[in-house]
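Beneath this line is the structure, given in C-alpha cells, with notes to follow.
The values are calculated or read from the model by the stated rules, or taken from the named source; none is laboratory data. No experiment lies behind these values; they were computed from the predicted model shown. With ideal geometry, Cβ positions are generated from the backbone for all residues, glycine too; neighbour counts draw on all protein chains shown.
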Amino acid sequence: MRKNIVAGNWKMNTNLQDGLALAKGLNEALKGKDINCDVILGTPFTHIASVVDAVDANKIGVAAQNCADKVSGAYTGEVSAEMVASTGAKYVILGHSERRAYYHETPAILKDKVNLALANNLTPIFCIGEVLAERESNKHFDIVKYQISESLFELSAEDFSKIVLAYEPVWAIGTGKTATAEQAQEMHAFIRKTLVEKYGEDIANNTSILYGGSANASNAKELFSNPDVDGGLIGGASLSVENFMPVIEAF
C-alpha cells in the first residue's frame, strides 16, 4: 500500500541554529506519538547533515530541496545528488514551481536530476502543477500530464515506483488561496489515471501523491480525507512545531 506522507519544505528560511532548534522541537513533539504518516523535513543544504544527526530517523526523514543535474565537476555553487546522499538525507525535492519559474528548470533538466537522484538512492519528491492562467484556460490537466511524461516516463517501472509526486497548484502557493478539496481530488485522480495508462494499476495505486498548495492545520484533514490525496508538501506551516504538528496529526 502507498504511504501517507507529510513533508515540510522550509524553502530559504531559518539559519542553521534556528533550523536545528525547529527540527529538535519537532522530534521532541513526535516522541511517544503514534502517527499515521511518514514525516519529512526539506531543509536548506546548510542544515541537512546537522538535522539528520539531530532527529530520530524512525520518525523523521530528511530531504534536500534540490540537487544538481550534473554528477560532479566545475559547477561552482552546485550540490550534487551524491553530496546530498552523503549527508544521510533520503529524499530530494525536485521540480518545485519556484525552481521551474525562477531558475528556468526545464523538463529535460529535471529528467537528469531525477536519474541522478535515483542513482544515489534518493527518493525524489517530484513536483508538478499549473499556474493560474493555465487553469483559467482549462489547460491544467494537459500541463500536469506533460510535466510528468516529459521528465519521468522514460523511467522503468521499477524506478518509477520509487518516485513520490507532489501536485502544487501554483496559483495557491503563498497566495492564501487553496484549491478546494474537490479540486485537489480531481487532479490527484487524473494523475493516478495517467500513471495507470503508462505503468499499470499496481504502480499507480502504490504511488504517493501529495498536495502542495497552502495546506495547513485548518484544511489538512479535509484535503487528506480524499481517496487520492496521500499527504502534503507543506510550506509556511512547516516552519513552526505548533503549526506543523496539526497537519501531521490530520491523518
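A few remarks follow.
- For segment 50-69, the candidate set comprises residues that are in contact (Cβ under 8 Å) with a residue 40 or more places away in the chain and farther than 21 Å from Gly236 by Cβ; within that set, the residue that is surrounded by the most Cβ atoms within 10 Å (Cβ to Cβ) is Cys67.
- Selection within segment 30-54 - aliphatic (A, V, I, L, M) and under 25 Å from Ala68 (Cβ atoms): Ile40, Leu41, Ile48, Ala49, Val51, Val52
For (1) within 21 Å of Glu98 (Cβ to Cβ); (2) within 17 Å of the chain's Cα centre (by Cα); (3) surrounded by fewer than 16 Cβ atoms within 10 Å (Cβ to Cβ), each residue gets a yes or a no:
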{"position": "Thr180", "(1), (2), (3)": "no, no, yes"}
{"position": "Met187", "(1), (2), (3)": "yes, yes, no"}
{"position": "Lys193", "(1), (2), (3)": "no, no, yes"}
{"position": "Ile248", "(1), (2), (3)": "no, yes, no"}
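- Total residues in segment 88-102, condition surrounded by fewer than 19 Cβ atoms within 10 Å (Cβ to Cβ) and not in a helix (DSSP H, G or I): 2
- Of the residues screened, Arg135 is not one that is at pLDDT 95 or above, charged (D, E, K, R), surrounded by 15 or more Cβ atoms within 10 Å (Cβ to Cβ) and not in a loop (DSSP other than H, G, I, E, B).
- Glu105 out of contact with any Phe, Trp or Tyr (no Cβ under 8 Å at 6 or more places or on another chain), surrounded by 17 or more Cβ atoms within 10 Å (Cβ to Cβ) and either part of a loop (DSSP other than H, G, I, E, B) or of a type in the set (Lys, Arg) (or both): yes
- Pick from segment 223-249, criterion part of a loop (DSSP other than H, G, I, E, B), of a type outside the set (Ser, Thr, Tyr) and touching a residue at least 60 places away in the same chain (Cβ under 8 Å), ranking: nearest to Met1 (Cα to Cα): Asp230
- Residues in segment 9-34 that are surrounded by fewer than 14 Cβ atoms within 10 Å (Cβ to Cβ) and of a type outside the set (A, V, I, L, M): Asn15, Gln17, Asp18, Glu28, Lys31, Gly32, Lys33, Asp34.
- Residues satisfying the stated conditions in segment 221-236, i.e. buried (at least 22 other Cβ atoms within 10 Å of the Cβ) and of a type outside the set (Val, Ile, Thr): Leu223, Phe224, Asp230, Gly231, Gly232, Leu233, Gly235
- Scanning segment 5-27 for residues that are more than 30 Å from Asn226 (Cβ to Cβ), in contact (Cβ under 8 Å) with a residue 12 or more places away in the chain and assigned to a helix (DSSP H, G or I) returns Leu16, Gly19, Leu20, Lys24.
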